[in-house]
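Worksheet: one structure, shown below.
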Amino acid sequence: MCSRDLGERRLQTVRFFTVDLTKIRGRGEFGCPKCGAKISPDDKTEKTYAILDALVKENQLDSVMLRCNRCESHIHLVGFRVLNMTR
Ligand SMILES: [Zn+2]
């Protein structure tokens, strides 16, 4: 369930990961699956990562595509809707 076929052909030189926020403890911080860079949603400086795209469904954040600035991996963040449902 973790793999969505996003850009597999065009991104052959870029590592692509999916991170499920429902499996992360704390406030949503996680390490880059490849290089371990700490990526925090509270970090607005975009030094560590850049937001490439954000998908909103029904006025709720559904998923976000990030790029790790250290190793340039693309990281697909999912699981926002579940977080919103458990408040
Ligand atoms: Zn990285």
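Throughout, read-outs are computed from the coordinates displayed, never taken from laboratory work. Here the structure is a predicted model, which is why all the values come from computation and not from measurement. Glycine also receives a Cβ, built like all others from the backbone with ideal geometry; neighbour counts cover every protein chain displayed.
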Sort THR45, THR22 so the one with the fewest other Cβ atoms within 10 Å of its own Cβ comes first.
THR45, THR22
Note the full-extension length gain between ASP43 and LYS23 as 0.36 nm times their separation in residues minus their Cα-Cα distance, in nm to one decimal.
5.2 nm
Take GLU58, GLU72 and order them by how many other Cβ atoms sit within 10 Å, fewest up front.
GLU58, GLU72
In nm, to one decimal, how far is the modelled label at ALA54 from the one at LYS34, with both set 7 Å along Cα→Cβ?
2.4
Counting other beta carbons within 10 Å of each residue's own, what order do ARG25, ARG70 fall into, fewest first?
ARG25, ARG70
